[in-house]
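These notes are about the structure you will find just below.
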Amino acid sequence: MKMNRLQIALSTVVVAAFVAGCGNESKPKSAEHAPATTPAARTGTADGTAALKDAANQAVDSAKATGVAVAEQAKTVATNVAAQAKEAATTVATNVAAQAQQAAGATKATATNAVGDATKQAETAAATATTKAQGLIDQAKAFVNEKKYQDAVNSLKQLTGFQLTAEQQKMVDDLKTTITNALGSDPAKSLEGFFKK
């Protein structure tokens, strides 16, 4: 819209200049050089020149006003573009931060689950080991009751490396004492290495 006004103003100046030029060319050359004979003729030429100057001044003023308006509009557009770019950058940064936080939460949940699974597996393995150790202790007890002391000792030897509960350790110590007493002094010497802690 403002560009149209500028074009119209410039067109007006061009037309005014053209008309002024055409008016001078249509006069015969002798009339151009001849001085105006009447005061009215001189006034008409002065009025035409004044009108032409006024039209030119109006066109220049209009062009200046249009230029200022266009500059203001360009400034407003630039400000709006900068604000939109800043808003877009903020939105992107916020989205990236939210996604990073989600990823961290998912990683934490995965790690927590992995720790929970590992703990359950360790507890299961410990329970299995405790059960197996108890089975060996019960087997050694049965051999002692049947007076199969060597078989009892072999069962107890299989407990090496097991983490025994306090109750299981007491049972093992009692079985060792029973076996040692039952075998007497000579066979106990052969079992001495096994019973030493």
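Throughout, read-outs are computed from the coordinates displayed, never taken from laboratory work. None of the values given here were measured: they were computed from a predicted structure. Note: ideal-geometry Cβ built from the backbone for every residue, glycine included; neighbour counts use all protein chains shown.
Some notes on this structure:
- The stretch 85-177: trypsin sites (Lys or Arg not before Pro) in DSSP coil with no more than 11 other Cβ atoms inside 10 Å: Lys147
- Using alpha carbons only: equivalent-ellipsoid semi-axes of the stretch 45-197, gyration tensor based, whole Å: 106, 11, 7
- Computed label-point distance, nm, for sites Glu123 and Arg5 using a 7 Å Cα→Cβ extension: 8.2 nm
- Packing-based ranking of 62-68, 48-54, 150-156 yields 150-156, 62-68, 48-54, ordered from highest to lowest mean Cβ neighbour count within 10 Å.
- Solution diffusion estimate, µm²/s, Stokes-Einstein, the stretch 115-167, Kirkwood Rh from C-alpha pairs, 37 °C, viscosity 0.692 mPa s: 271 µm²/s
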